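Here is the structure we will look at.
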Amino acid sequence: MGEPELVGNAIRNMLKAYHIEDKFDEANLVASWENVMGPAIAKRTSKIYIKDKKLFVYLTSAPLRHELNMSRDRILVLLTKEFGKPIVNEVIIK
């Protein structure tokens, strides 16, 4: 029998082995949107998804949409900091 492995490491290795690590990270990012951006922004988010390494965020507030469009680079930095690596390459606010 080999050395014991931490559960988190075992799960990450399994995700890599099945080539689903990126999909897992993307789903985790979408699920963590409120924690990263805060409840005020999350409440005004009507839809969020990732396609081709681009994060699409649909908002119900025009002023917030404008403000976040000006802060897309900052959002990328926040997301990278939260997950310890870049999950998406671009943020598209609609």
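Here are a few things to note about the model shown:
- For the pair residue 65 and residue 90 in one chain, pulling the backbone fully straight at 0.36 nm per residue adds 7.5 nm over the alpha carbon distance.
- Surface/4 of the Cα convex hull for the chain, nm²: 6.9 nm²
- Legend: calculated FRET efficiency, residue 3 to residue 36, from the Cβ-Cβ distance at R0 = 30 Å, rounded to 0.05, equals 0.30.
- Subtracting the Cα-Cα distance of residue 24 and residue 54 from 0.36 nm times their residue separation leaves 9.3 nm of extension gain.
- Two-decimal log10 I(q)/I(0) for the stretch 39-94, as the Debye equation yields it once each C-alpha is a single scatterer, q = 0.27 Å⁻¹: -1.19
- The order of 70, 14, 37, going from fewest to most other C-beta atoms within 10 Å of their C-beta, is 70, 14, 37.
- Cβ-based exposure ranking for 73, 25, in which fewest neighbours within 10 Å come first: 73, 25
- Sum of side-chain charges, residue 28 neighbourhood, beta-carbon under 14 Å (Lys, Arg +1; Asp, Glu -1): -3
- Between residue 46 and residue 13, the FRET efficiency estimated from the beta carbon spacing at R0 = 25 angstrom works out to 0.10.
- Residue among 35, 11, 24 farthest towards the positive dipole end of the stretch 1-44, charges placed on Cβ: 35
- Helix 72-83 vs. the chain, principal-axis angle (Cα, 0 to 90°, nearest 10): 30 degrees
- Only Lys, Arg (+1) and Asp, Glu (-1) charged, at Cβ; the chain dipole about Cα centre in debye: 500 debye
All of the numbers you see were taken from the coordinates with simple rules; none came from a lab. The structure presented is a predicted model; accordingly, all values stated were derived computationally and were not measured. Positions of Cβ are generated from backbone atoms using ideal geometry, with glycine treated the same way; all protein chains shown enter the neighbour counts.
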